[in-house]
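J.: First the structure, which I've put down as structure tokens, then a few questions once you've had a look.
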Amino acid sequence: MTQPTLIRRVALTLAAAGLPVLPLRAGKAPFGNCHQCANNACGGRPNMKTAGPCRCPGVCHAWAAATTDPHVLSSPPWTAAWRRAVCVAYHPGAAGVTVVDLDDAAAVTWARETLPATRTVETTRGEHWVYRGAMPSHNAVRPGVDIKSSMSYARWLGPGTGTMTALPDIVRALAVKEPPTVRRAPQAIAMPSWAAGDGVCPHRTPTYLDRGIAMAQQRITEARSAVHATVYRTFLAVLSTHGRCGCLTEAHIARLFTAAQAKGESPRHCTDAWTNARTALGM
Ligand SMILES: [Zn+2]
Ligand SMILES: [Zn+2]
């Protein structure tokens, strides 16, 4: 997709379907700000984190310029940009979707083992997994994985294949940073007991749960760097999937803690990370 006319036509079609689009220039980066908008001197656009009054007709402020308005998209400054564009990007958050951007084969393998299936789009070296629902964007949530949704842009590389599914908690959890270590409680460290759920397991079979725990153990065991963060994220993932139905037993939790301790995490850190993960999930 290198032909300017084609790029613009694709953009207009996407916009007509409700996807806010913007052109990307060589290097697959957004066009720079115009003179008035340089260094955000204009204050920025109303949809930016710090909302400003900018009504610049140019393709300024990256993702914040993305629009579905055919008049804007065909205006002289945008036409000039489309002429120099190398591809179309869109603002996933504004379209109500989240793109899990998997940069390489390893990231794709991880996603296939970990994330619920959804619509996928091939990229140069990896895949975009597109979920229904928006969330804050985060880069490098793990090696080769970015989350692009609100206040971000993603390249349009075609509609992809598969059925789009709802944004799962496990993806939301990826973006959650572990809070500072919880205050040290003076009592002895005990294996936390949270068997109490509502007793309704939405997760089908014990085998499913067992497999989930085994995958979580493996993820911890295979962590080559950032063990601390991996342990936390893995706990989050397990809790977000199995934490509310009451089918997680202390034996399951012990398996996870053992895997973490084999990687050098202290029992105290395991308990803290587990507690933090529950707090992050509002449990
Ligand atoms: Zn401008
Ligand atoms: Zn501006």
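The values are calculated or read from the model by the stated rules, or taken from the named source; none is laboratory data. It should be emphasised that the depicted structure is a prediction, and the values quoted were computed from it without experimental measurement. All Cβ positions, even for glycine, are placed from backbone atoms using ideal geometry, and neighbour counts span all protein chains on display. Just so you know, the surface numbers come from the protein's heavy atoms only, side chains and all, with ligands and any DNA or RNA stripped out. Shrake-Rupley method; radii C 1.70, N 1.55, O 1.52, S 1.80 Å.
J.: Taking a cut-off of 12 Å between Cα atoms, list the aspartates and glutamates near Lys177, but don't count ones fewer than 8 places away on the same chain.
T.: Here the aspartates and glutamates satisfying the reach criterion relative to Lys177 do not exist.
J.: Carbon-plus-sulfur fraction of the accessible area of the chain, 1.4 Å probe, in percent?
T.: Numbers: 7910 of 14300 Å².
The computed percentage sits at 55.
J.: Semi-axes, largest first, in whole Å: what does sqrt of 5 times each Cα gyration tensor eigenvalue give for segment 4-88? Please list the in-between numbers first.
T.: Working: eigenvalues 87, 39, 22 Å².
So the three semi-axes of segment 4-88 are 21, 14, 11 Å.
J.: Okay, moving on. Using C-alpha positions alone, give me the convex hull volume of the chain per residue in cubic angstrom.
T.: Details: hull volume 42.8 nm³, N = 283.
Cα-based convex hull of the chain, divided per residue, equals 151 Å³.
J.: Sorting Lys148, Lys28 by accessible area (1.4 Å probe), largest first, what list results? Kindly include the intermediate steps, with their values, before the conclusion.
T.: Numbers: Lys148 40, Lys28 95 Å².
Descending order: Lys28, Lys148.
J.: Pick from Val238, Val21, Val72: which residue has the top mean-square fluctuation in a GNM of the chain where Cα pairs under 10 Å get a spring?
T.: Val72
J.: Determine one quarter of the surface area of the Cα convex hull of segment 93-168, which equals its mean projected area, and express it in nm² to one decimal.
T.: 4.4 nm²
J.: Report the rotationally averaged projected area of segment 212-282 based on its alpha-carbon convex hull, in square nanometres.
T.: 4.1 nm²
J.: At 0.36 nm per residue, minus the direct Cα-Cα distance, what do Arg142 and Ala175 gain on full extension? Give it in nm, one decimal, please. Please list the in-between numbers first.
T.: Details: separation 33, 0.36 × 33 = 11.88 nm, distance 0.94 nm.
Gain in length upon complete extension: 10.9 nm.
J.: Any idea what the dipole of the chain comes to, in debye rounded to 20, about its Cα centre with Lys/Arg Cβ at +1 and Asp/Glu Cβ at -1?
T.: Numbers: 30 positive and 16 negative charges, 118 e Å.
In total the dipole reaches around 560 debye.
J.: Could you work out the relative contact order of the chain, using alpha carbon pairs under 8 angstrom and six or more residues apart, expressed as a whole percent? Provide the component values of the computation, followed by the final result.
T.: Details: 487 pairs, mean separation 41.0, N = 283.
It rounds to 14 percent for the chain.
J.: Please tell me the relative contact order of segment 1-138 in percent, rounded to the nearest whole number, where contacts are Cα pairs under 8 Å and at least six residues apart.
T.: Here the relative contact order equals 26 percent.
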